[in-house]
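Engineer: My questions will all concern the structure given below.
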Amino acid sequence: MSYASPVRPSVTGTLRALEGMLLRAGRQTALANAHAAVQEDRARAAARRDAERALAAVAARAEPAVLPAPGT
């Protein structure tokens, strides 16, 4: 009767598994932070586009500004 020797994990494999378990929460946090940053950038870009359109519309309708005479 022969017995199969148990397969022992390598040190590298053990360390990788341990690292994966320990860093999983950190990776999830990093991904959530990156997603939030992308959403904020998109919101800022949309607000900037809206402001540019509003300023262009106002500039197109506005009459030339009359500056006050010097000394008044």
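The values are calculated or read from the model by the stated rules, or taken from the named source; none is laboratory data. None of the values given here were measured: they were computed from a predicted structure. FYI the Cβ positions are ideal-geometry reconstructions off the backbone, even for glycines, and counts take in every protein chain you see. Surface areas here come from the heavy atoms of the whole protein model, side chains and all, with no ligands, DNA or RNA. Shrake-Rupley method; radii C 1.70, N 1.55, O 1.52, S 1.80 Å.
Engineer: Of [x] -0.70, -0.90, -1.05; [y] -0.25, -0.57, -1.05; [z] -0.32, -0.69, -1.12, which one was derived for log10 I(q)/I(0) by the Debye sum over Cα atoms at q = 0.12, 0.18, 0.24 Å⁻¹ from the structure shown?
Structural biologist: [x]
Engineer: Right, something else. Around Ala17, what is the net charge, scoring Lys/Arg as +1 and Asp/Glu as -1 over all other residues with Cβ under 15 Å from its Cβ?
Structural biologist: Numbers: positive: Arg8, Arg16, Arg24, Arg27; negative: Glu19.
Charge balance near Ala17 sits at +3.
Engineer: Here is a further query. Counting other C-beta atoms within 10 Å, and keeping those with at most 10, which DSSP coil GluC sites (Glu not before Pro) do you find in the stretch 17-72? Numbers along the way, then the final one.
Structural biologist: Working: sites: Glu19, Glu40, Glu52; in loops: none.
Here no GluC sites (Glu not before Pro) fit, given the DSSP loop and packing criteria.
Engineer: Leaving out ligands and nucleic acids, note down the accessible area per residue over the stretch 6-72 with a 1.4 angstrom probe, in whole Å².
Structural biologist: Each residue of the stretch 6-72 exposes 95 Å² on average to a 1.4 Å probe.
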